[in-house]
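One structure is given here, and the rest of the page talks about it.
The values are calculated or read from the model by the stated rules, or taken from the named source; none is laboratory data. Being a predicted model, the structure only gives us computed values, none of them experimental. Heads up, the Cβs are rebuilt from the backbone with ideal geometry, glycines too, and the neighbour counts pull from every protein chain shown.
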Amino acid sequence: MRRFCFLVVLMVATLIPSGGWSQPVQGPETLQALRDRLSELVGEPKFNGALWGVKVASLDTGRTLFEHNPQKLLSPASNSKLYTIGLALDRLGCDHRIRTSLYARARPDKKGRIHGDLVVFGRGDPTFNARSHGDLDQAFDQLASSLAAAGVRRVSGSIVGDGSYFRGPALGSGWAWDDAQEYYGAEISALTVNDNVVDMEVLPAASPGKPCVVVLRPVTSVIVVSNRTCTGAAGTKSGIQLQREPGSNRVLVSGGVAVGESPYKTVVTVHHPAALFVELLRKAMQRKGIKVDGPPVVKDWEPGQTSSCEREGWVELGGVDSPTMAELAREVQKPSQNLYTDLLLAHVGEQGRGDQAGTSEDLGIRELNRFVKRVGLAPGDVQFEEGSGLSRNNLTTARATVDLLRHMWRHPASEAYVSALPVAGVDGTLRNRFKNTAAAGNMRAKTGTLRWASSLSGYIKSESGEQLVFSLMLNRYASPDPASTARLELDRLGVLLATFRGRSSEDSPVEGGKIPPAQ
């Protein structure tokens, strides 16, 4: 009877679309009861066309509590970031910073003039944005201030935006062609700015029939707007469509906004974001009283080419350093930021390039493969081609992800790695999930979502106080019921782990640390 009551409560809970539960769920009291309930959930007939990969283990005893297809290769979606961030912290360390440098052929003369070009050389710092500095202008004012501190008052040549540190295409391997239209598919660039997007607002004109007003922030000449909108009469339906032409910064805006309606807000991805970077740096230099005579220039890597500022004789006049790798890990994992993840993978690849051939992404993946081999993951369990999980071709297993999480729990960078993960019901991509459950404020986990792939992997403490590690992956689930989404099905399992009242082994001592408190 107790088991029947529990299942009824759990079935009712999953119907709540907000992801929250209105009352506590009674958890299983023994290990066998937990296994039975997990087996029942993943074995429901509605999953006959889907693929589950599940593994749950104890960090205290090392014992496996439950597994279902733990060896099956599945799409992890953004659970891929667990691997890339583990690699970055392992290879570079928690205190590593990414430097953006300002180079010239020589120091300024007595009048503060640079004879020739000023080169801004990026290495993939993702934090030239308003979110990191409070204001986008401030992000560039710091860079311009370092130049002023070197005595620079005028540049007789051009500002050259040099993004050649990263080699290879601007889009990650395996990305769908239309990803480039969306914020989560912004181009990868060693000179990244404002997440490589521009904010756009479309406002109605004062009267119907006139074109809507299109506003870009930051104000830029890099994006060219083809405005084909029309303001609608009050009370009519509003709708805006955007299309950025592939390989260009020309954006077609069509549709309309009715009089009296709120502005339509969206973002537009930027092709060759180094051009936007140079434009904003030039404005910051002007605010500091530094004049530039020549036109802006953008330089990307080409096969067989070496960046000019990597040649002998160039002088670094200034620069700024990114936040630490530990801080960047939070910027990746909490919001599940694709661009930042692939920037870090490329940066890791270039840091270890030496005389190796290949793109930055290629080298990053080589480093990842070495990392997972050293960690001891099963051969063939990790098949990645890029770092963020946006590729539908990334594959891994629940077994490998649990083993990775185990390794990072005891890694010297453990605190940075674990604290970077979203906290259930509190922040990041889990802020609206698991509210009013035993998992809220308890679970730290990485989410993952593509159209036919959902995942949730991380750490949780059971009701009995045992520290658990888990990986839940559900692929190809075509829900027969709108109330039964893949996300809610994963959440059912997560709540069950949090409410587990037994122990993995009554004879095993309780060891291991605690999950860092939510911040």
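For the reader, a short list of remarks on this structure follows.
- Filtered residue count, the stretch 89-120, keeping only those that are part of a helix (DSSP H, G or I) and either over 23 Å from residue 344 (Cβ atoms) or aromatic (Phe, Trp, Tyr) (or both): 0
- Qualifying residues in the stretch 23-57 (those that are among the small types (Gly, Ala, Ser) and within 18 Å of residue 467 (Cβ to Cβ)) - the one surrounded by the most Cβ atoms within 10 Å (Cβ to Cβ): 57
- Single match in 219, 253 (criterion: assigned to a loop (DSSP other than H, G, I, E, B), outside the structural domain of residue 451 (by TED's automatic domain parsing) and either surrounded by fewer than 22 Cβ atoms within 10 Å (Cβ to Cβ) or at pLDDT 95 or above (or both)): 219
- Residue within the stretch 200-208 that is surrounded by fewer than 17 Cβ atoms within 10 Å (Cβ to Cβ) and of a type in the set (Ser, Thr, Tyr) present: yes
- Hits in the stretch 63-88 (condition: assigned to a loop (DSSP other than H, G, I, E, B), farther than 19 Å from residue 454 by Cβ and under 27 Å from the mean Cα position of the chain (by Cα)): 71
- Hits in the stretch 143-165 (condition: among the hydrophobic types (A, V, I, L, M, F, W, C) and in contact with an Asp or Glu (Cβ under 7 Å, 6 or more places away or on another chain)): 155, 160
- Members of the stretch 261-294 found to be among the acidic types (Asp, Glu) and assigned to a loop (DSSP other than H, G, I, E, B), listed by number: 261, 293
- Positions within the stretch 203-221 being touching a helix residue (DSSP H, G or I) at 6+ places or on another chain (Cβ under 7 Å) and not hydroxyl-bearing (Ser, Thr, Tyr), in sequence order: 218
- Flag set for residue 60, criterion: crowded, with 16+ Cβ neighbours inside 10 Å, out of contact with any helix residue (DSSP H, G or I) (no Cβ under 8 Å at 6 or more places or on another chain), assigned to a loop (DSSP other than H, G, I, E, B) and among the acidic types (Asp, Glu).
- The residues listed here are 478, 483, 439, 413; of these, the one that is in the same structural domain as residue 29 (by TED's automatic domain parsing) and crowded, with 23+ Cβ neighbours inside 10 Å is 439.
- Exclusive hit being assigned by TED's automatic domain parsing to the domain that holds residue 313, charged (D, E, K, R) and surrounded by 22 or more Cβ atoms within 10 Å (Cβ to Cβ), set 135, 141, 125, 109: 125
- For the stretch 177-197, the set of residues classified as surrounded by fewer than 23 Cβ atoms within 10 Å (Cβ to Cβ), of a type outside the set (Asp, Glu) and in contact with a Leu (Cβ under 8 Å, 6 or more places away or on another chain) consists of 180, 181, 184, 185, listed by residue number.
- Within the stretch 476-485, the set of residues being under 17 Å from residue 51 (Cβ atoms) and free of Cβ contacts under 8 Å to residues at least 40 places away in the same chain comprises 485 only.
- Some residue of the stretch 121-132 being hydrophobic (A, V, I, L, M, F, W, C), touching a strand residue (DSSP E or B) at 6+ places or on another chain (Cβ under 7 Å) and assigned to a strand (DSSP E or B): yes
- Among the numbered conditions (1) in contact with a strand residue (DSSP E or B) (Cβ under 8 Å, 6 or more places away or on another chain); (2) of a type in the set (D, E, K, R); (3) not assigned by TED's automatic domain parsing to the domain that holds residue 163, the only one that residue 362 does not meet is (1).
- Residue check for residue 345: crowded, with 21+ Cβ neighbours inside 10 Å, touching a residue at least 40 places away in the same chain (Cβ under 8 Å) and not assigned by TED's automatic domain parsing to the domain that holds residue 300: yes
- The condition (being modelled with pLDDT of 50 or more and either among the aromatic types (Phe, Trp, Tyr) or within 17 Å of residue 454 (Cβ to Cβ) (or both)) is satisfied by just one residue among 33, 50: 50.
- Flag if residue 414 is modelled with pLDDT of 95 or more, small (Gly, Ala, Ser) and out of contact with any strand residue (DSSP E or B) (no Cβ under 9 Å at 6 or more places or on another chain): yes
- Test: residue in the stretch 313-329 that is assigned to a loop (DSSP other than H, G, I, E, B) and modelled with pLDDT under 95: yes
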